[in-house]
Amino acid sequence: MAHAIIIGSGLGGLAIALRLRHKGYQVTVIEQNDYAGGKLHAIQQDGYRFDLGPSLFTLPHLVDELHNLFPEIDNSFTYIKKDIGCHYFWEDGTTFKAYSNKKDFVKHASEVFTESKSTINKYLKTSKSRYNLTKSLFLEKSLHKWSTYFSKDTLKAILNTPFLGLFNTLNKENKVFKNPKLTQLFNRYATYNGSSPYQTPGIMSMIPHLEMGIGTFYPNNGMHRISQSLYELAVKVGVEFRFCESVTKINYIHKKATSVNTSKDVYKGDIVVSNMDIYPTYKKLLSNYPAPLKTLNQERSSSALIFYWGINREFSYLDLHNILFSENYPLEFEHIFDKKTLSSDPTVYINITSKETVKDAPIGCENWFVMINAPGDYGQNWEEMISIARENIITKINKCLDTDIAQHITTEYILDPRGIEKNTSSYRGALYGAASNNKFAAFLRHANFNKGLNNLYHVGGSVHPGGGIPLCLLSAQITADLIPDVS
Ligand SMILES: Cc1cc2nc3c(=O)[nH]c(=O)nc-3n(C[C@H](O)[C@H](O)[C@H](O)COP(=O)(O)OP(=O)(O)OC[C@H]3O[C@@H](n4cnc5c(N)ncnc54)[C@H](O)[C@@H]3O)c2cc1C
């Protein structure tokens, strides 16, 4: 039987393992950690459970599709649709609940931000059209195959180029709102792929459609169920996992990858798929092979600094997703992308899964995932930056939520860009591979196949179509479409 070797068990690795198994391959996944899931992992600490990485779940059908490949296997993955996408707070006391239902969203936004309903409706309509026009070109196909450019969908997208907002920044597009708070709210979507709203093109205004048009979801028992359920399924259908083994080299002869070396063994494969970040894939595993430097040198997406706090009280006015906005958003992004440091007034995101999964925290308590966007690791003095950021975050929370949060923190775990890189080999700790801070970013991401080695493929957040759960799953779908079934 043809044998596929997968390097890494992040979401992209798990998804391609399942897809290739479904195509009839014998599949071996080699993972350096002692767990599957990569960034999508969780920890328990002092009675609290914390999802370590992603917290926002969109396009759940992409996970369903993987489970549906094997209908004979019991599907233990379920989720709910959220009524409220996010709860927003500003220091002046303004609060806004972003309802998933479009009508409620528009009504409430128009009241809170004194903005005309028609302006908001028009914006959401444009968001939807942009999403529908471009998804098949940018998200569902390889941008590196000529066949992509000869389809009806692509032609439609090209004909609509002037309408896509490619020549404006997202911030300029969002200036359609009179109230700067609403502009800020829609600017925030740039962070969904680790970019700056002051640099990323206006096409990113399609992202709100994911939330307000299609909805936000929550997997029952937490985000970790996404990676765990896929891992459990993979084991059940015969995918072999080798944990605690780091791949150190991809061997090749002429134009063909032949095997991989690990810290313990050598594995031969008919095809090899790397779910490792594309930068170290070339720099470490293919160190003697010519690297596509233009691609590798693309600016990296933002990283994150996360405090996981056990909180010994409940906040009834908080939801699953909460944002406490910076008073100076441009300065925050200038710090992250230009100065590679942290603003003294960061936007604080608080995710509380115990709002949905009560057992994630002791009775009367909450598990807070408190995250700020951060630059990648460029050798900054992180100890000092973390200590200052912690104080600034506490100040922000106290101001926006009118509390004294420090006295309620009973346990703490911290993850910073260095830890994210150490745990998953993401270059500089980037959350989403390369940033989308210019209009050509989509075309400059590495392809899902290797141009020199015919049977080497690439999946995950650092290659096409990009980072985030849905896109990593789509990268595996695009890659699987490039690989023939086992006859
Ligand atoms: C804090 C944080 C918050 C996020 N929030 C969201 C969110 O809310 N919503 C969202 O959609 N996305 C979010 N993301 C992004 C999302 O988590 C990632 O885009 C996605 O999980 C990346 O999956 P991946 O397939 O690229 O693999 P990764 O998760 O990067 O995993 C790669 C795997 O390969 C393994 N590996 C690497 N090198 C080797 C080697 N040489 N040998 C063996 N194994 C190796 C690693 O150990 C790892 O398990 C967030 C990420 C983080 C860190």
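Data for the structure
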item	result
Matching residues, the stretch 7-42, being of a type in the set (Ser, Thr, Tyr) and under 22 Å from Glu421 (Cβ atoms)	Ser9, Tyr35
Residue match in the stretch 168-186 (condition: among the aliphatic types (A, V, I, L, M), open to solvent by 20 Å² or more (accessible area, probe 1.4 Å) and modelled with pLDDT of 95 or more)	yes
Total residues in the stretch 1-17, condition surrounded by fewer than 24 Cβ atoms within 10 Å (Cβ to Cβ) and touching a helix residue (DSSP H, G or I) at 6+ places or on another chain (Cβ under 7 Å)	0
Qualifying residue in the stretch 217-224 (condition: in contact (Cβ under 8 Å) with a residue 12 or more places away in the chain, part of a loop (DSSP other than H, G, I, E, B), within 11 Å of the ligand (Cβ to nearest atom) and within 18 Å of His41 (Cβ to Cβ))	yes
Strands (runs of 3 or more DSSP E) fully within the stretch 248-366 counting 1 or more residues that are away from the ligand (no atom under 15 Å from the Cβ), of a type outside the set (Ser, Thr, Tyr) and open to solvent by 70 Å² or more (accessible area, probe 1.4 Å)	256-262, 266-268
Matching option when the condition is within 24 Å of the chain's Cα centre (by Cα) and open to solvent by less than 30 Å² (accessible area, probe 1.4 Å), among Thr58, Thr78	Thr58
Residue list for the stretch 396-427, filter: within 16 Å of the ligand (Cβ to nearest atom) and part of a helix (DSSP H, G or I)	Pro417, Arg418, Gly419, Ile420, Glu421, Lys422, Asn423, Thr424, Tyr427
Of all residues making up the stretch 143-167, the number that are open to solvent by less than 20 Å² (accessible area, probe 1.4 Å) and modelled with pLDDT of 70 or more	2
Check on Tyr427, in contact with an Asp or Glu (Cβ under 8 Å, 6 or more places away or on another chain) and open to solvent by 40 Å² or more (accessible area, probe 1.4 Å)	yes
Some residue of the stretch 180-189 being within 16 Å of the ligand (Cβ to nearest atom), assigned to a helix (DSSP H, G or I) and of a type outside the set (Gly, Ala, Ser)	yes
Selection count where residues are farther than 21 Å from Lys82 by Cβ and open to solvent by 10 Å² or more (accessible area, probe 1.4 Å), scope the stretch 202-231	3
Some residue of the stretch 438-461 being in a helix (DSSP H, G or I), within 16 Å of the ligand (Cβ to nearest atom) and open to solvent by less than 10 Å² (accessible area, probe 1.4 Å)	yes
Subset tally (residues that are more than 19 Å from Asp485 (Cα to Cα) and touching a residue at least 12 places away in the same chain (Cβ under 8 Å)) for the stretch 13-53	23
Any hit, the stretch 318-330, residues being within 23 Å of Leu182 (Cα to Cα), of a type outside the set (Phe, Trp, Tyr) and touching a Leu at 6+ places or on another chain (Cβ under 7 Å)	yes
The stretch 367-387, subset assigned to a loop (DSSP other than H, G, I, E, B) and under 22 Å from Ser196 (Cα atoms), residue most open to solvent (accessible area, probe 1.4 Å)	Tyr378
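The values are calculated or read from the model by the stated rules, or taken from the named source; none is laboratory data. Remember, it's a predicted structure, so these values are computed and weren't measured experimentally. Every residue, glycine as well, gets a Cβ built from its backbone with ideal geometry; the counts of neighbours run over all protein chains shown. Side chains are part of the model used for accessible areas, which takes the heavy atoms of the whole protein and leaves out ligands, DNA and RNA. Shrake-Rupley method; radii C 1.70, N 1.55, O 1.52, S 1.80 Å.
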